[in-house]
Ligand SMILES: C[S@@+](CC[C@H](N)C(=O)[O-])C[C@H]1O[C@@H](n2cnc3c(N)ncnc32)[C@H](O)[C@@H]1O
């Protein structure tokens with residue numbers, strides 16, 4: 001079944017408490033090389049000022065471990081991170097500053113703002129790890145990965161782009177599989193078949209570890225957008 005993307009949110013608002021170091025980071029480091037904002041227009045202008053052949057998206061980066069690892073493994077790519085939760089953004093900024101990374105731009109908000117903006121640069125890679133599984137049947141419609149979402153990605157990615165999803169929820173994995181079956185924009189593949197430069201060795205995140213501790217099996221999806 002197709003769900004309207006905008007009317008149902010895939011995330012919940014949470015007021016996280018920030019340490020004073022995190023608060024300082026948010027106020028001091030709003031500049032173009034090291035940047036996070038909740039203002040979409042500002043984010044957009046900042047992205048447009050940067051030139052990068054490769055733009056990778058980390059959608060729902062949580063506290064940013066994967067985002068940071070991507071930036072380290074692909075220093076020539078511009079990594080755009082999307083996460084509505086301020087505490088995750090602040091946590092991530094502290095790390096980015098410590099490591100001196102300058103190829104990450106963060107939008108503290110919904111990735112749909114970027115994906116629905118047809119005047120923005122297209123991305124060439126999408127990473128979505130441990131997206132909220134919304135395990136109750138009445139909440140399935142809140143899952144981020146749906147057929148209309150895949151369609152939107154197909155429109156907003158360069159031909160041949162790679163998407164990589166991982167989930168520890170079997171039911172969400174089945175749902176994602178059925179979404180791929182229903183659409184014909186992407187071709188599923190496996191890690192072993194990826195060229196070396198696309199074999200991102202992702203770190204184990206807090207959410208993944210929680211799933212492993214619960215005995216959940218991790219399912220990975222690799223798919224290329226048809227050229
Ligand atoms: C379960 S967490 C996983 C975080 C991280 N990827 C990890 O593996 O630790 C999922 C995150 O996706 C974010 N999220 C959900 N819908 C989103 C959207 N439409 N745009 C941006 N982030 C979203 C949520 O706020 C949440 O922090």
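A few comments on the model shown:
- Counting DSSP beta bridges with both ends in segment 20-225, the antiparallel % (nearest 5): 35 percent
- Using alpha-carbon coordinates, inclination of helix 147-156 to the longest axis of the chain, degrees: 50 degrees
- At an R0 of 30 angstrom, the distance between the Cβ atoms of residue 39 and residue 139 translates into a FRET efficiency of 0.50.
- Annotation: extensible slack from residue 189 through residue 9 equals 61.9 nm (criterion: 0.36 nm per residue apart, minus Cα-Cα distance).
- In terms of its C-alpha gyration tensor, the chain has a rounded overall shape, because the principal axis ratio a/c (a ≥ b ≥ c, square roots of the eigenvalues) stays below 1.5.
- Between residue 152 and residue 20, the FRET efficiency estimated from the beta carbon spacing at R0 = 45 angstrom works out to 0.70.
- Reported to the nearest whole Å, the Cα centre-to-centre distance from segment 121-186 to segment 31-98 is 20.
- Helix 40-49 axis, angle to the chain major axis (alpha carbon atoms, nearest 10°): 80 degrees
- Placing dummy labels 7 Å off each Cα toward the beta-carbon, the span from residue 218 to residue 73 is 1.1 nm.
Every read-out reported here was derived from the displayed coordinates using simple, explicitly stated rules and does not represent laboratory data. Owing to the predicted nature of the structure, the values given are computational and were not obtained by experimental measurement. All Cβ positions, glycine included, derive from the backbone under ideal geometry; neighbour counts span all protein chains shown.
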